[in-house]
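As structure tokens, the structure follows; a few thoughts come after it.
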Amino acid sequence: MNRLLRRLTLGAVSAIAALTGFACAQTAPQTPELQQKWKDKSMQTIVVRNLEGQPMNLADLKGKVVLVVNVASRCGFTGQYTDLAALHQRFKDRGLVVRAFPSNDFGGQEPGSPKEIREFCSTTYKVTFPVLEKVQVKAGPGQSELFEFLGTRTGKL
């Protein structure tokens with residue numbers, strides 16, 4: 001099972017790299033305070049919310065390959081929803097889960113309300129994987145805990 005998960009992870013990362021070219025990657029702060037805050041924690045300690053505001057515990061995804069994607073309805077990469085949906089359908093029974101996090105941080109490309117985001121994803125791209133609450137990806141006050149954790153661990157946002 002571990003070999004399968006590693007292959008899925010590599011395949012998912014490769015697919016996303018090809019889709020996005022990591023165009024929006026930026027350096028994340030690596031302060032001693034952030035390092036200490038996340039030192040003994042994992043992603044599974046974080047609770048996020050879906051578009052309707054209901055909590056989703058990431059601990060429920062333990063043992064899965066989790067692909068966290070920052071998305072926006074008016075982004076040049078919005079077409080990635082098609083590929084993400086296909087990736088989700090193809091590998092969901094083998095342990096891959098896709099979690100999309102809309103953000104309006106990059107040029108105001110996700111101005112929609114939760115209802116508008118849900119409708120857009122469902123009708124335009126037939127998305128069946130969870131699209132979560134709009135979050136702040138960029139570092140600073142108000143940044144999503146998940147993206148703070150990921151940035152602290154990887155050095156990239």
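The values are calculated or read from the model by the stated rules, or taken from the named source; none is laboratory data. Note that the structure is predicted; figures quoted are calculated from it, not measured. Cβ coordinates were reconstructed from backbone atoms using ideal geometry, including for glycine residues, and neighbour counts include every protein chain displayed. Accessible surface is based on the protein model in full, side chains and every heavy atom, while ligands, DNA and RNA are left aside. Shrake-Rupley method; radii C 1.70, N 1.55, O 1.52, S 1.80 Å.
Listing for the model above:
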item	result
Test: Gln54 is open to solvent by 60 Å² or more (accessible area, probe 1.4 Å), over 13 Å from the mean Cα position of the chain (by Cα), free of Cβ contacts under 8 Å to residues at least 24 places away in the same chain and closer than 20 Å to Gly140 by Cα	no
Ala12 being within 30 Å of Lys115 (Cβ to Cβ), at pLDDT below 95 and open to solvent by 40 Å² or more (accessible area, probe 1.4 Å)	no
